[in-house]
Amino acid sequence: MFTVRKIFLGLFITTFIIGCGSSSSDNDPSGKTDTFDRGALLTNVADNIIIPAFQDLNTKLSTLKLDKETFITTPDQTSLDALRASWIEAYKVWQYVEMFNIGKAEALLYGFQMNIYPTNTTDIENNISAGTYDLTSANNNDAVGFPAVDYLLYGVANDDALILAKYADVNYRNYLSDIINQMQSLTETILNDWTTSYRGTFVSQTGNTTTSALNKFTNDFVFYYEKVLRANKIGIPAGNFSVDPLPEKVEGFYSKIYSRELALEALNAVQDLFNGKVYTSNTTGDSFKTYLLDLERNDLVTLINSRFDSARQKLEALSADFNSQINTDNTKMTEAYDALQLAVVSLKVDMLQAFNISIDYVDADGD
């Protein structure tokens, strides 16, 4: 995602919390006593958002796996088109689970094995050439996952006929097969953990401590918005953190038509979670929004949703291909970044202060 191994890994380093509030210090800065049922929030999130999203992703990856089997057996235009379609459908659902870096996902470094971009094409080609590889190695984090499949389906040659010709080589077929199998297997492992043991642990840890599910989940949500959505998808390729733009660092670089769609899905996922929207319907449950309303911070709820909506408008104004957008009119990208940035302050400062939760990650970009 960044300068892959150094910057992206640095973003996930956590530190000890200074002055972290405890469950006995539950007063909003406004003076309103905090009596909100945090367990209800975690229960709604687990049962109606996280688990259904992982179930959907697992289903989409199972379809991707089946379409992959058809493709490697009969690599023709029809099977390639079907495989590309199932890849993007799974990639869109991924935007709804990427923020849940907790439990088994954190332990397995799930995000690193699913969505490090830009993918390292040299590593991919070396692995294919060698015919042997350890896909679970940290050295291959940037040679697996959705971005690697993006390269293998769109970027290994200049047109579809030449791409299909690549798959006459059994090593290409094996590598594509292995990385998709790994993606589905990892996802199934995490889903099984949620539906067996971890769900109960998650909903019970309502205290405000450095290790409680409430604290970690809330921090993960803010981290995802600030670092993964705002910075990775927009700010880094647009050049907000460098002297010059870095258009090669966009998500969906090789397919060229999905950068905007993936970013919009990610923003929708963030706003839906904030408002407690059930993954499979338009109903809502306990959430950060209802927590703030209980603390009489209606003003902050309105402001945050307004800033999400404004950022969406800026994203919708971009080209479907962010690489092209940056090279032709990067001002629109930086405007989208600025719009996303406005909500960072509302979430990271105002919302966390209202909840009396401290940040547990290193802020390396000065925001």
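The values are calculated or read from the model by the stated rules, or taken from the named source; none is laboratory data. Not measured: the values here are computed from a predicted model. Please note: Cβ atoms are built from the backbone with ideal geometry, for glycine as well, and neighbour counts cover all protein chains shown.
Table: residues versus (1) touching a Phe, Trp or Tyr at 6+ places or on another chain (Cβ under 7 Å); (2) surrounded by fewer than 16 Cβ atoms within 10 Å (Cβ to Cβ); (3) under 22 Å from Pro247 (Cβ atoms); (4) modelled with pLDDT under 95.
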| site | (1), (2), (3), (4) |
| --- | --- |
| Leu264 | no, no, yes, no |
| Gln271 | yes, no, no, no |
| Gly276 | no, no, no, no |
| Arg297 | no, no, no, no |
| Val301 | no, no, no, no |
| Asn305 | no, no, no, no |
| Ser319 | no, no, yes, no |
| Ala354 | no, no, no, no |
| Ser358 | no, no, no, yes |
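For Lys289, the conditions (1) free of Cβ contacts under 8 Å to residues at least 40 places away in the same chain; (2) under 18 Å from Ala354 (Cβ atoms); (3) over 22 Å from the mean Cα position of the chain (by Cα) all hold with the exception of (3). Annotation note: of Tyr279, Tyr361, Tyr254, Tyr337, the sole residue that is in contact with a strand residue (DSSP E or B) (Cβ under 6 Å, 6 or more places away or on another chain) and at negative phi is Tyr361.
Taking the criterion of being under 20 Å from Met99 (Cα atoms), part of a loop (DSSP other than H, G, I, E, B) and aliphatic (A, V, I, L, M), would at least one residue in segment 281-297 satisfy it? Checked segment 281-297: no residue is under 20 Å from Met99 (Cα atoms), part of a loop (DSSP other than H, G, I, E, B) and aliphatic (A, V, I, L, M).
Among the conditions (1) buried (at least 18 other Cβ atoms within 10 Å of the Cβ); (2) touching a Cys at 6+ places or on another chain (Cβ under 7 Å), the only one that Thr210 does not satisfy is (1).
Give me a count of the residues in segment 70-99 that are within 26 Å of the chain's Cα centre (by Cα), assigned to a helix (DSSP H, G or I) and of a type in the set (Val, Ile, Thr). Summing the residues that are within 26 Å of the chain's Cα centre (by Cα), assigned to a helix (DSSP H, G or I) and of a type in the set (Val, Ile, Thr) in segment 70-99 gives 2. Checking each residue in segment 84-121 for being in contact with a Lys or Arg (Cβ under 8 Å, 6 or more places away or on another chain) and either at pLDDT below 95 or surrounded by 24 or more Cβ atoms within 10 Å (Cβ to Cβ) (or both) picks out Ala90, Tyr117.
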